[in-house]
């Protein structure tokens, strides 16, 4: 086999391995696996944003969430982006979106067909529409259905971040 073909095969293998490694970083959970993320009782403030790559308002607000994530990374703070994309589209839609938009916050995929059950467990007022955001810590809980701006997030964090 000519050396050129060996190099091409090696490059293809490396790219495939890299993509596979990245996809393994997208944790897929059902509601039971997600529940611990909304039940933490410590000194950290959490922002949990429910979104999808096909949701225009979700995509529009994500850069502002990422700015807040970056600005508060030295605080007792954690952001989690909960994708509601289809599990079958991790490779074709979710991973390319994360890479193209350089998302730095942790991303997980919530894949549970029993949404009529788990939506009310997350928040009784939630209709299931996205985007939706939870901001909480051991002393504070806030839920918002609809888009949020960086200013909205910072107002809440400024008043409620545990320092």
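Quick notes on this one:
- The sole residue among 156, 130 that is within 16 Å of the chain's Cα centre (by Cα), touching a residue at least 12 places away in the same chain (Cβ under 8 Å) and surrounded by 13 or more Cβ atoms within 10 Å (Cβ to Cβ) is 130.
- Qualifying positions in the range 65-88 - under 14 Å from residue 132 (Cα atoms) and in contact (Cβ under 8 Å) with a residue 60 or more places away in the chain: 65
- Among residues of the range 117-127, those that are surrounded by 15 or more Cβ atoms within 10 Å (Cβ to Cβ) and in a loop (DSSP other than H, G, I, E, B), counted: 2
- Looking across the range 101-116 at every residue that is within 18 Å of residue 37 (Cβ to Cβ) and in a loop (DSSP other than H, G, I, E, B), the one that is farthest from the chain's Cα centre (by Cα) is identified as 114.
- Residue 119 satisfies every condition listed in (1) closer than 18 Å to residue 37 by Cβ; (2) in contact (Cβ under 8 Å) with a residue 12 or more places away in the chain except (2).
- Residues within the range 129-139 that are in contact with a helix residue (DSSP H, G or I) (Cβ under 9 Å, 6 or more places away or on another chain) and in a loop (DSSP other than H, G, I, E, B), tallied: 3
- Any hit, the range 105-116, residues being exposed (fewer than 13 other Cβ atoms within 10 Å of the Cβ), under 23 Å from residue 31 (Cβ atoms) and either in contact (Cβ under 8 Å) with a residue 40 or more places away in the chain or in contact with a strand residue (DSSP E or B) (Cβ under 9 Å, 6 or more places away or on another chain) (or both): yes
- Residue within the range 140-161 that is farther than 18 Å from residue 37 by Cβ, in a loop (DSSP other than H, G, I, E, B), touching a strand residue (DSSP E or B) at 6+ places or on another chain (Cβ under 6 Å) and at pLDDT below 95 present: yes
The values are calculated or read from the model by the stated rules, or taken from the named source; none is laboratory data. All of these numbers come straight from a predicted model, not from anything done at the bench. With ideal geometry, Cβ positions are generated from the backbone for all residues, glycine too; neighbour counts draw on all protein chains shown.
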